[in-house]
Structure formats: C-alpha cells, structure tokens
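**Student:** Got a structure here, written out as structure tokens. Questions coming.
The values are calculated or read from the model by the stated rules, or taken from the named source; none is laboratory data. Since this is a predicted model, take the numbers as computed values, not measurements. Counting neighbours? That spans all protein chains shown, and the Cβs are built from the backbone with ideal geometry, glycine included. Note: areas computed on protein heavy atoms with side chains; ligands, DNA, RNA excluded. Shrake-Rupley method; radii C 1.70, N 1.55, O 1.52, S 1.80 Å.
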Amino acid sequence: MIIVVMGVSGTGKSTLGQALAEHLGWRFIEADDFHPAENVAKMRSGQALDDDDRAPWLNAVNDHLRQIAKRNEDAVLACSALKQSHRRLLADGVDDLNFVHLHGDADLVERRLKQRRAHFMPAKLLGTQLAALEPPDDALALSIALPTMQQVSRVIAVLSPSAR
C-alpha cells in the first residue's frame, strides 16, 4: 500500500507522513525531493509552478512509486497533488494508492508557512495553491487542526494499513 498525504503547502504533509511512516515501519518519501532545480528556483523566487513545470516532477514521483509497488513495498508519500490530473498521474500503474487530504483554515496555513525557515515555498504563493486545489472526493479528509498523532490514528482506523 502507498498512502499519499496531500494538500497545499504548509498543511503538515511531511509531518504527518513521517509520523505515519514511523508508526507503521514504512518508508517515507518526500515528493519535494524530486523537483528539478528549475522548479525549486522558480518557487524560491516567488513564482508559482504551472502544470508544465509540474509534469516532469510528477512523472519522476510516479516512476519512483511504480518501483516501490513493483517490489510490493509499503510507503507514505508527502505530495501536494493539488489537482485530480496530478493524482491520476501519481496513481498510474500503482494499484494500491490511497489519498489523505490535509485541509484547514487558510490563515492557519499562512501562519505556518511564515514560520518555516528551511523551505523553498514562500507564504506568498499560498493563494496560487489554494486556487489550483481540486479537493478530492475519494480521499480521507483530515483537519490540520488535529494533533499529528490523532491524524495518524484516524488514517490507520480508516485505511487499516496496519492490518496488512
């Protein structure tokens, strides 16, 4: 099984993903690590990515997920996966993929982004991500207001990955 923790920047995807992976003893994958240098530079300069920018990144992440699935391994991926087309691309060729959508108050997300120091995504791009977001109908939706361990418990209760 692969669980994709998705949402706009600043919702806590990496925090939940790492906690969930640690709790389950699974591999954690940070989709940001697959961005080409051009994407990182563009975001760092305050420019939003478009789908042409995202395509090579999402394809690289999908290639990695396919390798994991081929080896029949479990993993947790933190990835924005903002649009349905992004999620379809991530899921292509990967049978057991489940999405967890982190969502919450935009003011809280913006405060979190402004507090981050070691990330290339500036808070001023939050509006572009919110505008691009197509909330999924087929994902477990979790509030960012919940403590991380409550989020972990909810994912496990709904998706039952520990029962595999």
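**Student:** Tell me, please, whether a residue that is open to solvent by 10 Å² or more (accessible area, probe 1.4 Å) and outside any helix (DSSP H, G or I) can be found in the stretch 52-70.
**Tutor:** Scanning the stretch 52-70 turns up no residue that is open to solvent by 10 Å² or more (accessible area, probe 1.4 Å) and outside any helix (DSSP H, G or I).
**Student:** Filtering the stretch 85-97 down to residues that are within 14 Å of residue 139 (Cβ to Cβ) and either among the hydrophobic types (A, V, I, L, M, F, W, C) or over 13 Å from the mean Cα position of the chain (by Cα) (or both), which residue is surrounded by the most Cβ atoms within 10 Å (Cβ to Cβ)?
**Tutor:** Keep residues of the stretch 85-97 that are within 14 Å of residue 139 (Cβ to Cβ), which gives 86-88, 90-91, 97.
Next, only the ones that are either among the hydrophobic types (A, V, I, L, M, F, W, C) or over 13 Å from the mean Cα position of the chain (by Cα) (or both) stay: 88, 90-91, 97.
Details: 88: 12, 90: 23, 91: 18, 97: 18.
Selected residue: 90.
**Student:** OK, next. Looking at the stretch 19-51 only, could you name the residues that are in a helix (DSSP H, G or I), open to solvent by 40 Å² or more (accessible area, probe 1.4 Å) and either more than 30 Å from residue 160 (Cβ to Cβ) or in contact (Cβ under 8 Å) with a residue 12 or more places away in the chain (or both)? Even if it seems obvious, please write down each step before you answer.
**Tutor:** Narrowing the stretch 19-51 to residues in a helix (DSSP H, G or I): 19-24, 31-34, 37-44, 51.
From what's left, open to solvent by 40 Å² or more (accessible area, probe 1.4 Å): 22-23, 32-34, 37-38, 41-42, 44, 51.
Scanning the stretch 19-51 gives 23, 32, 34, 37, 38, 41, 42, 44, 51.
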